[in-house]
Every structure is written in structure tokens, then in C-alpha cells.
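Structure record follows, encoded as C-alpha cells.
Coordinate-derived values only; no laboratory data. Note that the structure is predicted; figures quoted are calculated from it, not measured. Cβ atoms come from the backbone with ideal geometry, glycine included; neighbour counts cover every protein chain shown.
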Amino acid sequence: MSIFGRSHLVLLLMLVTSCSHEQPASPPTKDAPRIACMSPALTAMLLELGVGDHLVGRSSFCRVPGDDLPVVGDLLEVNWESLVRTNPSHVIVQASPELLRGDVVHVAQSRGWTLLAYPLADASDITLAMESLPRDLDLRGDDHASASASAAAFNSRLEEQMSIREPAISGNRVLLLTPGPQMLGWGSETYLG
């Protein structure tokens, strides 16, 4: 074999052996939900419930310890390859059930995933989602008891905070700012307005 042929053979072998042979995750079981969450708010709620160890996928906006979970998409963009590879038992989105994307519904049904949708439009939606998540995720035993207790404590704190009455703001304009690495602002001309 010529030197030219050997070098191509070596190069080919290097390329073949360096390719990833990653296999999709094992099939989900009823005992341990595998959760792909496409909403930062719902991911924060899952962490509050103490079920963060069941997360297998997140949106690029989610803040999770370590940030090493695969990004599977959000309400507008879905990374289908990553979502299928994580093989979740539950996919959670922040939307009204009637506004779910047809492709997400179809793939979830064809793969046997439970698709959960929570609108989170106001405090009552948040309270309902916190109460529903332990049941909707099919949590069992200590996981269910602990998550339910965390939900009750969270909802109690939320109710307490909602009962505090602040003086009304006069005028018709409000600018809401949040701290962080980059200052964020919301108003009537933004997606949250």
C-alpha cells in the first residue's frame, strides 16, 4: 500500500473512532420521572418542589445548578434531536393546553410522553401548578410527600405575599426592572407587556 493510501486509511480510522456513538437515554420508568422542562418559571418551580434531580432537559433560559442539562428547546423553538435523545417521561411547557403546538403534541403522543401545560398567567395559575405538579408527574412515596409539602409551603408564602397591600401607583405607566448580570425591563411594548 502506498504512503498516500496509508495516510488516508489512518485519517479515515481517526475520523471513525472519534465519532460519538452516544445512545439515547434508557426508556422512562414510572418510578422515576424523566422531566424535560421548556419553561424557566416551571423549572424554578420544579427545583422548589425538590425534584430537580428528575430533570433531563431544559430551555436555554432555565437556570439550573451546573447548567449541564441538555437544552431541549422552549415554547417557540424545539431542539427535536436533543429532546428525543433525553427520552423524557414528561415534557412541561408554559402555555394554555389549547395553545399547545401541534408538532409537540404529535411527537409526545407518538413517543408515549406525558405532555403537561401550565399557563402561569397569574398567581392563581402558579398556585394551581404547584399543587398539580406532584400528582401530574406521577411522583411516588417520599418524592410525592416531599414535593406536596414543598408546594403547600410555597403556596402559603405566595398567599402571604399577595395579601400585602401596597399603595396604588398613580398614572398609567409602570417600568419593572429585575436585577441580574444584565438589567431587564418590561413594559407594554415587550413580550410580557
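A few points about this structure:
- Förster radius 45 Å - calculated FRET efficiency between residue 85 and residue 165 (Cβ-Cβ, nearest 0.05): 0.40
- C-alpha center-to-center spacing [the stretch 51-118, the stretch 137-163] in angstrom: 22 Å
- Cα-based Kirkwood hydrodynamic radius, the stretch 37-95, one decimal, Å: 11.2 Å
- Its Cα gyration tensor gives the stretch 71-160 an equivalent ellipsoid; the semi-axes, largest first and in whole Å, are 26, 17, 10.
- Once the mean of 1/r is taken over each pair of separate Cα atoms and inverted, the stretch 85-129 shows a Kirkwood hydrodynamic radius of 11.2 Å.
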